Every structure is written in structure tokens, then in C-alpha cells.
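Below: one structure, written as C-alpha cells.
The values are calculated or read from the model by the stated rules, or taken from the named source; none is laboratory data. Since we're looking at a predicted model, the values are computed, not measured. Ideal geometry is used to build each Cβ from the backbone, glycine not excepted, and the neighbour counts take in all protein chains shown. The accessibility values were calculated without ligands, DNA or RNA, using every heavy atom of the protein model including side chains. Shrake-Rupley method; radii C 1.70, N 1.55, O 1.52, S 1.80 Å.
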Amino acid sequence: TDSVKNKVLVFNSRGKYLYGFPAGKRPTGIAVDKAEKTVYVSDTARHEIAVYDLKGRLLKAIGRWGNKAGEFNYPVDIFIDKRGELFVADTMNYRIQIFGKNGQFLSMFGRHGDGTGDFGRPKGVSVDNEGNIYVADAIFDTVQIFDRNGDFLLNFGRLGREYGSFWLPSGVFIDGGDKIYVSDSYNRRIQVFEYHGHL
């Protein structure tokens with residue numbers, strides 16, 4: 001996503017530009033549902049998740065501005081798990097929302113605070129193969145891990161420049177082998193972590 005050009009840009013596996021398409025007012029997070037051949041884009045400025053086909057034709061939009069279930073206040077990052085469920089970092093509502101394959105609201109968790117399991121500025125969300133939910137928080141400089149019910153399990157990282165520490169982490173992604181990639185914004189790097197068994 002290019003949030004200045006307001007586009008999604010598509011490249012091949014070698015990094016060659018293929019094509020682009022308009023994607024709302026301020027596209028930020030992106031996730032591809034390979035099974036359904038659809039692209040989900042969080043439009044932060046419009047407080048919604050837009051769904052496109054692979055060529056950029058708008059199919060539908062999920063959500064609107066607000067703080068009720070299924071509504072958003074500056075959603076930033078999104079992730080689609082292996083079941084096809086959509087996870088949204090609803091940043092200024094300080095929560096994670098979960099939607100089904102057809103865009104129906106399923107559940108949510110999180111609150112604003114400075115205690116264990118609370119959120120200061122949730123910016124990234126991802127899910128591992130066991131269904132654990134990882135949330136990168138830019139205020140707390142950490143990644144918190146929750147179970148599918150939203151119960152806090154543990155966290156890793158702290159403010160700093162050394163390896164394993166973060167400074168304004170803005171995103172997290174987990175690949176099929178449970179490698180954890182964290183965009184460590186102010187340190188200008190991507191850090192990669194390895195999942196070691198059951199939480």
C-alpha cells in the first residue's frame with residue numbers, strides 16, 4: 001500500500017512492478033486471501049476495510065467510523081489467518097476486532113490502559129499457526145501475545161536499540177513457518193523472531 005499515492009502497488013516475486021490500483025483515501029494495512037482471491041485493505045482515513053478482487057475492483061467495504069462492534073476508529077493493520085478470518089488493529093479504539101470470512105463481526109478484545117494486556121497504540125496484528133494473536137504496540141515498544149479469546153499470554157521486547165528491543169514498532173507479520181517479523185520503525189529495521197513451541 002502507498003498511503004501518499006492512495007494506491008495498492010503490485011510486484012512480482014522478483015520485485016518487478018506489475019500494476020497498481022486506487023485504494024481509497026489512506027490505505028495502510030493489506031492482506032491477501034489466496035483462497036478467495038481477494039485483497040483486503042485498511043483505509044485508515046475512511047475508518048473501513050475495503051475488499052478488492054486481484055485486479056483492483058472494489059467488491060465491498062466492512063465497517064464505518066465509530067466505537068461499537070464492527071466499527072472503527074483509524075484502523076491500521078490487518079491479517080487473515082489460515083481459517084480465512086480477518087483480524088483488525090482498530091488503533092484509536094485500542095482493540096483488536098475479528099471478522100468471519102464473509103465480513104461478519106465475530107469478537108473483539110482490548111482496552112486503553114497501561115497495565116498488562118492493555119493497549120497504548122496497537123499498530124500491528126498477526127496470528128500464528130496455533131491461533132495466538134500478536135499485537136505490536138508503538139507506545140509500549142513491545143509485542144503482546146493473546147489467545148483466541150483475547151486473554152493475555154505474554155509479551156516480548158522493550159524500549160531500546162539493542163537486538164530484541166523496539167522503538168515505535170509499527171507492524172508484525174507471521175509467516176507459514178511461524179517466523180515473526182516486526183517492523184521496528186524508529187530503529188529503521190525489521191527484526192525476525194522464531195516461535196518456540198506452545199504458549
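So if I place +1 on the C-beta of Lys and Arg and -1 on the C-beta of Asp and Glu, and nothing else carries charge, what would the dipole magnitude of the range 67-199 be about its Cα centre? I want it in debye, nearest 20. Intermediate values should be presented prior to the final figure.
Numbers: 14 positive and 18 negative charges, 58 e Å.
Value, rounded to 20: 280 debye.
Would you pull out the residues with amide H under 5 Å of Ile139's amide H, same chain only if 5 or more places away, H placed 1.01 Å from N?
Long-range HN contacts for Ile139: Gly120, Arg121.
Taking only protein heavy atoms into account and a 1.4 Å probe, give the accessible area per residue of the range 47-199 in Å².
Heavy-atom accessible area per residue stands at 49 Å².
How many angstrom lie between the C-alpha centres of the range 13-45 and the range 103-127?
When both Cα centres are located, 23 Å separates them.
Let me understand the range 84-199 better: what is its radius of gyration from the alpha carbons, and its Dmax, in angstrom?
My reading of the Cα-based Rg and Dmax gives 13.3, 42 Å.
If you split all Cα-Cα distances of the chain into 5 Å bins from zero, what percentages do you get per bin, shortest first?
The distribution over the chain is 1, 8, 17, 20, 21, 17, 10, 4, 1, 0, given as percents.
Given H placed 1.01 Å from N in the peptide plane, which residues other than close sequence neighbours of Arg46 have an amide H under 5 Å from its amide H?
Here Lys25, Arg26 satisfy the definition.
Quick check: residue separation of Phe152 and Gln104 times 0.36 nm, minus the Cα distance between them. What number comes out in nm? Working shown, then result.
Details: separation 48, 0.36 × 48 = 17.28 nm, distance 2.43 nm.
Gain on extension, Phe152 to Gln104, equals 14.9 nm.
Based on a Kirkwood Rh over C-alpha pairs, give the Stokes-Einstein translational diffusion coefficient of the range 1-106 at 4 °C and viscosity 1.567 mPa s in µm²/s.
Numbers: Rh = 13.7 Å.
The estimated diffusion coefficient comes to 95 µm²/s.
Pairs Lys25/Lys123; Lys7/Lys55; Lys7/Lys60; Lys7/Lys82; Lys5/Lys55: which are spaced more than 20 Å apart, C-alpha to C-alpha?
Exceeds cut-off: Lys7/Lys82.
Percent antiparallel among DSSP beta bridges with both residues in the chain, to the nearest 5? Working shown, then result.
Details: 59 of 62 bridges.
Rounded to the nearest five, the antiparallel share is 95 percent.
Which Cα, out of Met92, Val76, Tyr40, lies furthest along the positive dipole direction of the range 36-119 (beta carbon charges, K/R +1, D/E -1)?
Value computed over the given set: Tyr40.
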